[in-house]
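The values are calculated or read from the model by the stated rules, or taken from the named source; none is laboratory data. The shown structure was predicted, so the numbers you read here are calculated from the model rather than taken from an experiment. Neighbour counts are summed over all protein chains in view; Cβ atoms, including those assigned to glycine, are modelled from backbone coordinates with ideal geometry.
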């Protein structure tokens, strides 16, 4: 039998968004699983109802099809709303976190080390083609002697006497809303539930040591100035948790010969008046070295020539290079040169 979401929240079908939100918060506080009087099943039901009625599009569909069919089509198939995917789908995220600030509830979270940022300088050519870079870092890594558990090899782990192996410390707080149960990670065992009988002689039970490590990193071709590359798990390590990430911030040095726009490289070449009028062959700088470019007779200032496949390399292939030609008009002429130009009378007709 389909659920009546309005009835679950105790509001009318004409209730405003603020009224629905207020009703949800009141019931969520009453039935939250972290409370001694909490009811997890009831809490999930009211949360399910709120996810539909707080979304204008989902509420409209629910109202249109009625309580019998409304829940279907919201992501839960024949059984209605898919609550199991709630944390990944957005909304409030983790249920313990959702009410943490509002009511003081605290759940266990996976510990995570800090991210480490490193600036990497590249030449224009390195950015175009990709390059290997050695990155030397001083950071906390998992202790090699104890494998990160903090215990001396060969010694055993004992149940933490403070939390009785649960890894959490439970306290009761009296608030204006009543007694609220709060869970925090046990400080004695850092939330592990166990403590070493004998601490590791290298890390002194911390599970991590500060070490120097050199990483060889492949910088991909086509990377742009200001890009941030993330290497998962190469940041700071913590005992009993996940290591942070290493974030490489790329700085590309400018090159006086080239400019860049996406995968396309732009360059400028100067040619003389005679070369433009009669045509010529000139050497042009590219990322691959010099190539010969044919200037056809009658080339005008500002003409662009495209060199296929001489641009920036990327996973989609390689871009082109655009050569912009500038015709240089002589400013100092000999008497003989001036006389010959006058004889040619090359005025535009």
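Output yes when any residue across the stretch 184-199 is over 16 Å from residue 149 (Cβ atoms) and assigned to a strand (DSSP E or B), and no when none is. Yes - at least one qualifying residue is present in the stretch 184-199. Filtering 294, 299, 303 for residues that are touching a strand residue (DSSP E or B) at 6+ places or on another chain (Cβ under 9 Å), surrounded by 12 or more Cβ atoms within 10 Å (Cβ to Cβ), under 28 Å from residue 314 (Cα atoms) and in the same structural domain as residue 322 (by TED's automatic domain parsing) leaves a single hit, 303. Does any residue of the stretch 222-231 turn out to be over 17 Å from residue 127 (Cα atoms) and outside the structural domain of residue 330 (by TED's automatic domain parsing)? Looking through the stretch 222-231, at least one residue is over 17 Å from residue 127 (Cα atoms) and outside the structural domain of residue 330 (by TED's automatic domain parsing). All of (1) assigned by TED's automatic domain parsing to the domain that holds residue 324; (2) surrounded by 16 or more Cβ atoms within 10 Å (Cβ to Cβ) hold for residue 283 with one exception: (2).
Can you name every residue in the stretch 16-33 that is touching a helix residue (DSSP H, G or I) at 6+ places or on another chain (Cβ under 7 Å) and either farther than 18 Å from residue 62 by Cα or modelled with pLDDT of 85 or more (or both)? Within the stretch 16-33, 20, 23, 27, 28, 29, 31, 32, 33 qualify. Scanning the stretch 265-285 for residues that are out of contact with any strand residue (DSSP E or B) (no Cβ under 6 Å at 6 or more places or on another chain) and under 26 Å from residue 126 (Cα atoms) turns up just one, 285. Taking the criterion of being within 21 Å of the chain's Cα centre (by Cα) and crowded, with 17+ Cβ neighbours inside 10 Å, the residues of the stretch 111-129 that qualify are 113, 116, 118, 120, 127. Considering only residues that are assigned to a loop (DSSP other than H, G, I, E, B) and surrounded by fewer than 18 Cβ atoms within 10 Å (Cβ to Cβ), look in the stretch 211-240 and name the one that is farthest from the chain's Cα centre (by Cα). Among those that are assigned to a loop (DSSP other than H, G, I, E, B) and surrounded by fewer than 18 Cβ atoms within 10 Å (Cβ to Cβ), it is 221.
Applying the set (1) more than 30 Å from residue 174 (Cβ to Cβ); (2) modelled with pLDDT of 65 or more; (3) surrounded by 14 or more Cβ atoms within 10 Å (Cβ to Cβ); (4) in contact with a helix residue (DSSP H, G or I) (Cβ under 8 Å, 6 or more places away or on another chain) to residue 12 leaves exactly one unmet item: (3). Restricted to strands (runs of 3 or more DSSP E) entirely inside the stretch 129-182, those with at least 3 residues that are within 30 Å of residue 29 (Cβ to Cβ) are 168-175.
Among the residues of the stretch 251-267, those that are part of a strand (DSSP E or B) and either in contact with a helix residue (DSSP H, G or I) (Cβ under 7 Å, 6 or more places away or on another chain) or buried (at least 17 other Cβ atoms within 10 Å of the Cβ) (or both) comprise 252, 255, 258, 260, 265, 267. Inclusion of residue 248 among residues that are over 15 Å from residue 111 (Cα atoms) and not in a loop (DSSP other than H, G, I, E, B) is warranted. Checking 334, 329 one by one, the residue that is in contact with a helix residue (DSSP H, G or I) (Cβ under 8 Å, 6 or more places away or on another chain), farther than 30 Å from residue 223 by Cα and surrounded by fewer than 12 Cβ atoms within 10 Å (Cβ to Cβ) is 329 and no other.
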